[in-house]
Amino acid sequence: MSRRDEVLRGISEAAKVLAKPPAADAERTSFDVIGAIVDRHIPLLFRPLDKLWGAFVNAGAQKGIIVTSKLPLSVQRFTLAHELGHLLLGHEYSLDDTVEFAGRHAQVWKDPQEAGADAFAAELLASKQLVSRAAKRHRWTKAELNKPGTIYQLSLRLGISYKAACWALVTAHVLRRIEAEQLQETVVKGIKTSLMPPGLPRNSWADVWTLDQADTGTALEAGPDDLFAVGLKDHASAGYIWNLVDADGDARIVGQHGPDLNHGYGERSPRTIYVEFNAPGIHSLIFEHVRPWSRSTLERIEVHVDDHGKERVGMSRREKHNTLRAAA
């Protein structure tokens, strides 16, 4: 088939998968690509491959996907979606040393089957519905979605790379191609640095999430070293202060910025609290806006975080859990 035909087929197959998504948390902000693979009973393994991002085989009864455990979470997820696309498009096999985050907008010289798998992955992980849902929840305007910092936060919530998020916004008719080409050159490390408190040592691969009340009720897929910058506004004149609620001792405050002393009398005073988790796991990050002496609660922020990060060597965590549960 021609490149155009394969790309159109990739987009169509992604729409079919999105129409019947895997059973997952309704408030999950990223598409559950592992769940989509497990639901289709496709064997999946992770190995520390040196020169390949991923591969698949689809020869009658012999089918399966393998992805390197060396990739960061966002790239690992896109590679998983790419290999799933190959399978659902009926391709026989592929050894992939890279994938193209631009999806349908990639260069025309690319192999048609690879272009189709790239288009599938981009449409699956960064569909217009997911982009629109995130934008509405956070009230991100078109102008704000032209800013690198906002695009970075969008990429975190969709579980894709910053570059893939730029091209997703082209598909959503928020950015023009020339704008995406310029924005994708932004150095993400600089965005992260601007979001961190001065002097806080961090893993350069770790991400920095900016959270606020708009994130309440969402389920995020993060990395074990990620930092969460929670924006709060204390109603101090009425006696209400935001406090971290952590019954299990999983979270700890590692920094704080504010309050801003220039706000007017009676206005809420903004501050940012920086939080990280002590160990990888599934956590509830909870803040309550309370009067300390009466425990009267004005507002509450609760965000669910799975910060296991990328998949390690062997089966996926999902399949390990299902296997152990079946054996119990």
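Each residue in the stretch 1-29 was checked for being touching a Lys or Arg at 6+ places or on another chain (Cβ under 7 Å) and part of a loop (DSSP other than H, G, I, E, B), and 1 pass.
Among the residues of the stretch 168-188, not a single one is in contact with a Ser or Thr (Cβ under 8 Å, 6 or more places away or on another chain), modelled with pLDDT of 95 or more and either in the same structural domain as residue 222 (by TED's automatic domain parsing) or over 25 Å from residue 217 (Cβ atoms) (or both). Working only within the stretch 191-213, note down all residues that are part of a helix (DSSP H, G or I) and not assigned by TED's automatic domain parsing to the domain that holds residue 300. Selection gives 191, 192, 193, 194, 195.
Specify the residue that is farthest from the chain's Cα centre (by Cα); the eligible residues are those in the stretch 228-257 that are β-branched (Val, Ile, Thr) and under 16 Å from residue 291 (Cβ atoms). So, considering only residues that are β-branched (Val, Ile, Thr) and under 16 Å from residue 291 (Cβ atoms), the one farthest from the chain's Cα centre (by Cα) is 241.
On inspection, residue 41 does not qualify as part of a helix (DSSP H, G or I) and farther than 17 Å from residue 160 by Cα.
Among residues that are buried (at least 20 other Cβ atoms within 10 Å of the Cβ), in contact with a Ser or Thr (Cβ under 8 Å, 6 or more places away or on another chain) and touching a residue at least 40 places away in the same chain (Cβ under 8 Å), residue 102 is not included.
Cβ-Cβ distances below 6 Å connect the following pairs, each with a first residue in the stretch 65-79 that is closer than 19 Å to residue 206 by Cα, a second residue that is hydroxyl-bearing (Ser, Thr, Tyr), and a separation of six or more residues or different chains: 74/161. Only one residue in 116, 90 is within 18 Å of residue 16 (Cβ to Cβ) and part of a loop (DSSP other than H, G, I, E, B). Which one? Exactly one of 116, 90 is within 18 Å of residue 16 (Cβ to Cβ) and part of a loop (DSSP other than H, G, I, E, B), namely 90.
Just checking, does the stretch 219-232 include any residue being more than 16 Å from residue 156 (Cβ to Cβ) and not aliphatic (A, V, I, L, M)? Taking every residue of the stretch 219-232 in turn, none turns out to be more than 16 Å from residue 156 (Cβ to Cβ) and not aliphatic (A, V, I, L, M). Just wondering, is there one or more residues in the stretch 45-67 that are in contact with a Gly (Cβ under 7 Å, 6 or more places away or on another chain), of a type in the set (Val, Ile, Thr), farther than 25 Å from residue 12 by Cβ and in the same structural domain as residue 8 (by TED's automatic domain parsing)? Looking through the stretch 45-67, at least one residue is in contact with a Gly (Cβ under 7 Å, 6 or more places away or on another chain), of a type in the set (Val, Ile, Thr), farther than 25 Å from residue 12 by Cβ and in the same structural domain as residue 8 (by TED's automatic domain parsing). Restricting the stretch 228-281 to residues that are hydroxyl-bearing (Ser, Thr, Tyr) and in a strand (DSSP E or B) leaves a set whose member that is modelled with the lowest pLDDT is 269. I'd like to verify a number: residues in the stretch 182-220 that are surrounded by fewer than 17 Cβ atoms within 10 Å (Cβ to Cβ), within 12 Å of residue 148 (Cβ to Cβ) and without any contact (Cβ under 8 Å) to a residue 24 or more places away in the chain, how many? Of the residues in that region, 5 qualify.
The values are calculated or read from the model by the stated rules, or taken from the named source; none is laboratory data. Computed from a predicted structure; not experimentally measured. Cβ sites come from the backbone with ideal geometry, for glycine too, and all protein chains shown count toward neighbours.
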